[in-house]
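First comes the structure, then the notes that go with it.
The values are calculated or read from the model by the stated rules, or taken from the named source; none is laboratory data. As the structure is a prediction and not an experimental result, all values here were calculated from the model. Glycine also receives a Cβ, built like all others from the backbone with ideal geometry; neighbour counts cover every protein chain displayed.
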Amino acid sequence: MKYAIAQTSGKQFLLTPGKWYDVDFIDNGNVGDFIYLNKILFFRKNNKIQLGRPFLLNSKIPAKIIQQVKGPKITVLKTKPKKNYTRTRGHRQLYTRVQIDTINN
């Protein structure tokens with residue numbers, strides 16, 4: 001079994017080949033572009049384990065941008081009691097969906 005733990009945008013992801021992940025929005029990335037995750041904390045291939053302190057040197061994982069997506073809608077309600085004041089506002093966070101094809105180290 002091959003997997004890695006990588007950090008991007010202050011969050012850690014357990015990456016396995018062939019799966020996609022939603023990371024924080026990448027503004028200058030287009031669909032089809034490759035980004036490289038270079039903050040690798042942990043890497044395992046079969047029984048061989050590499051542990052970074054804090055990151056593995058000279059390691060990077062290519063990730064292909066599949067699409068730009070929006071998260072679920074969050075409704076924010078703001079009221080002031082006894083003043084007949086109510087405001088409703090919605091928010092949808094932007095994410096970039098990336099796919100991990102291979103993990104090589």
Notebook entry, point to check: Within segment 78-95, is even one residue touching a residue at least 24 places away in the same chain (Cβ under 8 Å), in contact with a strand residue (DSSP E or B) (Cβ under 6 Å, 6 or more places away or on another chain) and either within 15 Å of I35 (Cβ to Cβ) or among the small types (G, A, S) (or both)?
Noted result: yes
Next item on the list: Give the residues of segment 4-38 that are over 12 Å from I100 (Cα atoms) and of a type in the set (S, T, Y), sorted by residue number.
Entry: T8, S9
Item checked: Residue in segment 58-105 that is surrounded by the fewest Cβ atoms within 10 Å (Cβ to Cβ), counting only those that are small (G, A, S) and at pLDDT 95 or above -> G90
Next item on the list: At least 3 residues that are among the hydroxyl-bearing types (S, T, Y) and more than 15 Å from the chain's Cα centre (by Cα) in each: list the strands (runs of 3 or more DSSP E) lying fully within segment 14-105 that qualify.
Entry: 85-91
